1. I'd like the full set of residues that are out of contact with any Ser or Thr (no Cβ under 6 Å at 6 or more places or on another chain) and crowded, with 18+ Cβ neighbours inside 10 Å, limited to the stretch 53-64.
2. Pick from the stretch 54-78 the residues that are touching a Gly at 6+ places or on another chain (Cβ under 9 Å) and of a type in the set (D, E, K, R): which of them is nearest to C112 (Cα to Cα)?
3. Does G93 satisfy the criteria of being in contact with a Cys (Cβ under 7 Å, 6 or more places away or on another chain) and over 17 Å from V149 (Cβ atoms)?
4. Identify, please: which residue in the stretch 110-152 is among the charged types (D, E, K, R) and open to solvent by 70 Å² or more (accessible area, probe 1.4 Å) and is, among those, farthest from P54 (Cα to Cα)?
5. Quick one: in the stretch 30-69, of everything that is of a type in the set (A, V, I, L, M, F, W, C) and touching a Leu at 6+ places or on another chain (Cβ under 7 Å), which residue is modelled with the lowest pLDDT?
6. Which one of the conditions (1) touching a Leu at 6+ places or on another chain (Cβ under 6 Å); (2) under 23 Å from R130 (Cα atoms); (3) modelled with pLDDT of 95 or more does L97 fail to meet, given that it meets all the rest?
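The values are calculated or read from the model by the stated rules, or taken from the named source; none is laboratory data. Just so you know, these numbers come straight off a predicted model, no measurement behind them. We place every Cβ from the backbone using ideal geometry, glycine too, and count neighbours over all the protein chains shown. Remember, those area values only see protein heavy atoms, side chains included, never the ligands or the DNA or RNA. Shrake-Rupley method; radii C 1.70, N 1.55, O 1.52, S 1.80 Å.
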Amino acid sequence: MTAVAVLAVGCGNDDSDAPGTSRKGPARPSSSSVRTPSPDRAEHIPGETVTKAPALPAGEVVAQAVNAAGNRELEIAGGLKSGPLAVLVHCKGKGKLTVEVEPVGLNFPLECVAGEVSSTYNQLDLKNTRGQGTVSVTAPSTVRWSITVGQG
């Protein structure tokens, strides 16, 4: 079994639908072997790939995409439930990838690097249930990516 180390960035949100309402908490590595990335690039995770779905540390998978390129919108199965919502993304190739979760207004960029897999993990605690939700990924065609979204 391969150990997965990701840079965990906790995001709080007052759960309003207005963009820009999330607050970033302190970075918390999920493993002591994680090194802190320089501000101009993402975390490199040795042994990870974009050809497999990233494995979440906990929760039920509600949306996934593997070895994708370019833009894509994913429907969150069953809508958004109150409680933790986690998003784990891997990318490879030169360019910037952006993830947006609606209708809660969570969005974050990931600077991807040619020749290696970069990764980011974000979690948001939702106060309210919503009947539907979507995750949109915007990326240039030069970037291959995979994403797993989980709840609970």
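1. Those that are out of contact with any Ser or Thr (no Cβ under 6 Å at 6 or more places or on another chain) and crowded, with 18+ Cβ neighbours inside 10 Å: V62, A63.
2. E75
3. Against the criterion (in contact with a Cys (Cβ under 7 Å, 6 or more places away or on another chain) and over 17 Å from V149 (Cβ atoms)), G93 qualifies.
4. The selected residue is K127.
5. Residue satisfying both the conditions and the ranking: V34.
6. (2)
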